[in-house]
Every structure is written in C-alpha cells, then in structure tokens.
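Peer 1: Pasting a structure here, questions to come.
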Ligand SMILES: Nc1ncnc2c1ncn2[C@@H]1O[C@H](COP(=O)(O)OP(=O)(O)OP(=O)(O)O)[C@@H](O)[C@H]1O
Ligand SMILES: [Mg+2]
C-alpha cells in the first residue's frame, strides 16, 4: 500500500516520521520503499543517501528511465529509497502541463506497486499544497498527517483534511483514507497537553495513541544519515516510533477484514474550519 506522509505546514515532523516509521516497519520484517517527493531531499540524506542529480522520481516522470532504475538501498536493511534531488523542484511545472496533472506519480509508481516487492511505500511530501503533494495524495491509499503539539497546528490540520476530502469528492482519489494523525514534538507543557486533548476531542480514534516526544536526539539524527530508530532504538523518540509502527500495523490488520472503505473523518464535535 502507498502511504503519503503529508502536512502542508513545514517542520512538523513529516520526514522524521517517514524515516523512523520506515525503519520501525523494517524491524518488524516488512519491506519498505521510501519515496522522497520533497526537493529538499531530507528523507534521502536522513537515510544515508547522498542526493544525486538525475536520481529521483523526476527521471521516471519524464520517462528518462524505468522507475525501478531509481530505487536504491539505504543505511537500513529492508528500507529502499527513491531519492530526491534538485530536479524534482522543476517537476511541478512538468506535471502541471500533463493532461492528467494529478495522476503522474500514481502512474509511475504503478509498476512498483504491482510488483508487490514492497509491503509499504511511504511517500515524504514537501511542505506545500502544490502539485507534488496533490500527486502524492492522488496516488496514495492513505495519508498519515504528523502535526506538532502547538496552537496553530489545528488550523493546519483542517486544511490538509479538507484537501483529502476534496481528493475523494472530485474523484481524483475516491478511496483515499486518513490513516491517522500523529502528534509530534510533544513537550510537557500545559499548552501541548491542551492541544493534544483538543485534537483528540475533535478527531477521536483517528489520532494515534502514541505521542512522539520532543528530544534533541531527534534533531541531531539527520546528520548521522541513519534514523534514530536504527541507531538509538532505546531513546524515547525511537520507542514512540516503534509503538506508532505497531499501531499502524494493527490498523492495517483491522482494515484487511473490511473492503478498505471507511467513512471520512469528520470532527466529532463542532467545526474548526
Ligand atoms: N520529536 C522531535 N524532537 C525534536 N526535534 C524533532 C523531532 N522530530 C523532528 N525534529 C526536528 O525538527 C525539524 C523538522 O522535522 P522534520 O524535518 O521531520 O519536519 P518536516 O515536516 O519534514 O519538515 P519540512 O516541512 O521542512 O519537510 C528537524 O530539524 C528535525 O530533526
Ligand atoms: Mg520534510
């Protein structure tokens, strides 16, 4: 399945969630492909791969080569990667020109999905409501939304959830599910507690029970080119991502018994738009 990790807000923990969730799933013996769809290439370097011009989904989208030619190994066993690089920044324009401007990413990833080599394909989205993110949402089975435990995060959340709803309503991706909302960078402050409580109140079970704590260890991890989960598995942040992976897998298992269709998540109480 394809899981897009998305939030148009910058710096909320998308990339940290992608690389650590990937490593945690790999530790559960799942085979994972990370697709770095952000020209910043943070997931690429976070997984120990140096961005290289020409090696990204850009090449597949521009039909320069087969998508499989862009898949590389990473510092983590069972985690593979389609890296990002600067060219990806220009792909927005190219995608916008295509007749099916939302379907490009879905089309190029189809052979990878069909090959069934990977249990999970995690797509790291850039922090904007641009065409790359829309393409990721159009290609995905589900979206995981990381959000920071801070005051304005709620407003950002309603924006991305509306976009998901629009993908469904317009038929761009009628089956798109919200896999879950992951609260990140939690610190023991009254404000953070209030935000967590408010988000749980509005979105109920869509919010993962696990809350990822704030820690300087998470901030320094990218410079090592290996996710925290892989090199410091006993740290609180790594532990939180292991539990998040378990919650994710449990949800997948519960869904397997259904047709995969679930109701769109609506706020439980009051509108927050
Ligand atoms: N739990 C955490 N505790 C402390 N720092 C964190 C935590 N998670 C992420 N960070 C740091 O916060 C910054 C933003 O995180 P990250 O890059 O994962 O966010 P992002 O949403 O992908 O950002 P962007 O929108 O720029 O792509 C990074 O420097 C990262 O190392
Ligand atoms: Mg990022």
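Peer 1: If you wrap region 2-256's Cα atoms in a convex hull and average its projection over all directions, what's the area in nm²?
Peer 2: For region 2-256, averaging the hull's shadow over all directions gives 12.4 nm².
Peer 1: So if each residue of separation counts as 0.36 nm, and I subtract the Cα-Cα distance between residue 77 and residue 216, what length gain in nm does that give?
Peer 2: Values: separation 139, 0.36 × 139 = 50.04 nm, distance 2.51 nm.
Extra length from residue 77 to residue 216 when fully extended: 47.5 nm.
Peer 1: Modelled label-to-label distance, residue 86 and residue 243, 7 Å Cα→beta-carbon offset: nm?
Peer 2: 4.3
Peer 1: Can you figure out the FRET efficiency of residue 250 with residue 29, using R₀ = 22 Å and their beta-carbon distance, to the nearest 0.05?
Peer 2: Efficiency for this residue pair is about 0.90.
Peer 1: Right, something else. Just the Cα atoms of region 134-238, one point each, no solvent: what log10 I(q)/I(0) does Debye give at q = 0.10, 0.19, 0.22, 0.25 Å⁻¹?
Peer 2: So the normalised log intensities work out to -0.35, -1.00, -1.12, -1.22.
Peer 1: First measure r as the distance between the Cβ atoms of residue 152 and residue 107, then evaluate 1/(1 + (r/R0)^6) with R0 = 51 Å and state the FRET efficiency to the nearest 0.05.
Peer 2: 0.90
Peer 1: Same structure again: For the residues 129, 161, 249, 3, what sequence is obtained by ranking on other C-beta atoms within 10 Å, fewest first? Show your work: numbers first, answer last.
Peer 2: Values: 129 13, 161 22, 249 16, 3 25.
Lowest to highest Cβ neighbour count: 129, 249, 161, 3.
Peer 1: Run the numbers for residue 96 and residue 68: contour at 0.36 nm per residue of separation, minus the present Cα-Cα distance, in nm.
Peer 2: Contour length minus Cα-Cα distance gives 7.7 nm.
Peer 1: So what is the 222 nm mean residue ellipticity for the chain from helices alone, if each DSSP H run of at least 4 adds -39500 (n - 2.57) and you divide by all residues, rounding to the nearest 500 deg cm²/dmol?
Peer 2: So the helix-based figure for the chain works out to -12500 deg cm²/dmol.
Peer 1: Give the distance, in whole Å, between the Cα centre of region 133-183 and the Cα centre of region 105-124.
Peer 2: Region 133-183 and region 105-124 have Cα centres separated by 19 Å.
Peer 1: Another question, then. Stokes-Einstein diffusion coefficient for region 28-74 at 37 °C in a medium of 0.692 mPa s, Rh from the Kirkwood formula over Cα pairs: what value in µm²/s?
Peer 2: Taking Rh from Cα pairs, D becomes 286 µm²/s.
Every number in this text was worked out from the coordinates using simple rules, so none of it is lab data. From a predicted model like this one, the values you see are computed outputs, not experimental measurements. Here Cβ is always computed from backbone atoms with ideal geometry, including for glycine, and neighbour counts include all displayed protein chains.
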